[in-house]
Every structure is written in C-alpha cells, then in structure tokens.
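Peer 1: Okay, here's the structure, questions in a sec.
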Amino acid sequence: MVVSANRFIAEEIQLHKLLQRDCPVLVYCSRRCTEADTGAVFAQVRMVNRTDRKITTVLLQIEGLRKDGSTLYTQQNIILADCHAAPHSLFGEERMLVLQRDAAASLRITVERVSFSDGTSWRKLPEQELLTAEEAGWRTCACGMPNPAENDVCDLCGAELPENEDSAAAPLPEIEIPTEPPLPKREALRPEDIRIPDEYPPTQVIREYYPVTVYETEEEEPEAPRWLVVLLSILGSLALAAAGCLRALASCEKPLGI
C-alpha cells in the first residue's frame, strides 16, 4: 500500500550524530511525519546491523527534545520484532513508530536491547552513554558510517577505513534516499512518497510498538447456527430417551434361579 504525500506531512531527515560505543546497532537517521487527518505522529528509524549475526528484535527508547536539548517526553520499550536484519545491513525504516504529539525539535534514540537469531542478546548497561564519533575516537567511512578505532574496514560497506586520526570528526555526507524500486520488505523513504507496508497498518503499529492502552468495544461471541441448535436438541432428547429405556429394562430383569 503506497500512501501519497497528501496524507502525511514529512519532516526533513535527522542524521543522528550520537552513537553507542558498545552497541551492535547504530541508529543512523530518522524521519518524522504527521498524518494530516488525525494529527498522529510517526517516526521511521534507519539503523545499521554492525555485526556478523542476523538481528531479530530491537528494543528502543525515543526521547523528544526541545530546541535547547532538554527532554520533552520519553517513550520506552518500543519493540521492533521480526526485523530479519542481515549482517552489516540497513534496516528498520519500513516500520512506522507512533510518537507523542508534543512538538519536539528533534529525537534522541537509544538502543536498549538487541536479540539475534542464534538466541543471544545484547543489553544496554546503565553506565553506557551516548557519545559523538570524536569523543569515542571513531573514524568515519566515506559512506558516512562511523566505525570503532579498532576497525580496519567499514561495518556497513566493507571498505578500508582512512588512517587519518582526524577523520572521526569529519562531517557525515548528505543522505540520499534511493528512488529505485526497493527489495521486498525493504521499502525506501522519499519525501514525496511515505510508504506503509501492508503488514503494518497504523492500528497494528499502535498495538505492537506503543505502550498505551487501546480501549475497544468487546465483540459479542457469535451465535451458533439455528440448525446446529435444533440438531443438538434432538440428540439430547434421544440420549435422555435411551437412558430411560435402559433403566426400565434393568428394573424388569429378574435374577436367574439356581
């Protein structure tokens, strides 16, 4: 299902310059959009699997920030299940995550937990802080991917990293959104064409990823067809009649003489 730009008002892509040094997932960039009719606010997050293992689930925390950098709101336990993120790949942007409607100037996204297909998992420790690439001593690849100082090749594209120590502070390049047809379940983001995959309509997104209570009218249990009610009534009557006949026969029987 392709949703036209008339339905969603998309903001500019926000490039996230803060990173988690020991995290297997890098939050690369995000985009917010507002549904014109309802005012609901969504976010799409592009992440990088930095490991050699397949990622299945990611748990995020999203903070809405004011212009001065102070926290306006915090949303925890945002679950991205069934990611199927291949090693050293981009993922996550096909999901529409519900945000609070407060007008935040920017987002700060933290990865709290990562689960892999081999059954292992990673969890953020309290002492782990968000750092810039310069503070962490990371080097930036030509593709824009920050990499730890001990890396010889980029975690995303596999290219050799520059040896210049000042490359960690180099600005990241502008993000270009691909316009070619995406691979299955890897839909690309474009300002004029916000896409929502068929398997993730907004109602399911709210229930799966946003920790709120959804009040709904309880559905009444479906009534049994009338023919089934009649059939069960006849079978019940026959069973009672058979039981009565058996009791009558049992009372008429006389013990045999010796």
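Peer 1: Being out of contact with any Leu (no Cβ under 7 Å at 6 or more places or on another chain) and within 26 Å of Glu12 (Cα to Cα) narrows it down to one residue among Cys141, Cys83; which is it? Spell out the reasoning first.
Peer 2: Working: Cys141 fails: out of contact with any Leu (no Cβ under 7 Å at 6 or more places or on another chain).
Of the residues listed, the single one that is out of contact with any Leu (no Cβ under 7 Å at 6 or more places or on another chain) and within 26 Å of Glu12 (Cα to Cα) is Cys83.
Peer 1: Kindly provide the set of residues from the range 7-60 that are surrounded by 19 or more Cβ atoms within 10 Å (Cβ to Cβ) and among the small types (Gly, Ala, Ser), ordered by number.
Peer 2: Ser30, Ala43
Peer 1: Can you pull out every residue in the range 122-152 that is surrounded by 14 or more Cβ atoms within 10 Å (Cβ to Cβ) and at positive phi?
Peer 2: Scanning the range 122-152 gives a single hit, Gly144.
Peer 1: Being buried (at least 17 other Cβ atoms within 10 Å of the Cβ), on the phi > 0 side of the Ramachandran plot and of a type in the set (Gly, Ala, Ser) is true for just one of Gly64, Gly92. Which residue is that? Even if it seems obvious, please write down each step before you answer.
Peer 2: Numbers: Gly64 fails: on the phi > 0 side of the Ramachandran plot.
Of Gly64, Gly92, the one residue that is buried (at least 17 other Cβ atoms within 10 Å of the Cβ), on the phi > 0 side of the Ramachandran plot and of a type in the set (Gly, Ala, Ser) is Gly92.
Peer 1: I would also like to ask the following. List pairs: first residue in the range 31-44 and without any contact (Cβ under 8 Å) to a residue 40 or more places away in the chain, second residue surrounded by 12 or more Cβ atoms within 10 Å (Cβ to Cβ) and among the aromatic types (Phe, Trp, Tyr) anywhere in the structure, Cβ distance under 9 angstrom, at least six positions apart or on different chains.
Peer 2: Thr34/Phe8; Thr34/Phe42; Ala36/Phe8
Peer 1: List the number of the failed condition for Gly119; all other conditions in (1) at positive phi; (2) modelled with pLDDT under 90 hold.
Peer 2: Looking at each condition in turn, Gly119 falls short on (2).
Peer 1: Still on this structure, please answer the following. So which of Thr74, Thr51, Thr34 is of a type in the set (S, T, N, Q), assigned to a strand (DSSP E or B) and at pLDDT 90 or above? Quick ask: steps written out before the conclusion?
Peer 2: Details: Thr51 fails: assigned to a strand (DSSP E or B); Thr34 fails: at pLDDT 90 or above.
Answer to the selection: Thr74.
Peer 1: Looking only at the range 107-129, which residues are outside any loop (DSSP other than H, G, I, E, B) and either closer than 13 Å to Phe42 by Cα or charged (D, E, K, R) (or both)? Even if it seems obvious, please write down each step before you answer.
Peer 2: Taking the range 107-129 first, the residues outside any loop (DSSP other than H, G, I, E, B) are 107-116, 121-123.
Within the range 107-129, Leu107, Arg108, Glu112, Arg113, Arg123 meet the criteria.
The values are calculated or read from the model by the stated rules, or taken from the named source; none is laboratory data. On a predicted model such as this, the values are computed, not experimentally measured, just so you know. Note that we place each Cβ from the backbone using ideal geometry, even for glycine, and neighbour counts take in every protein chain shown.
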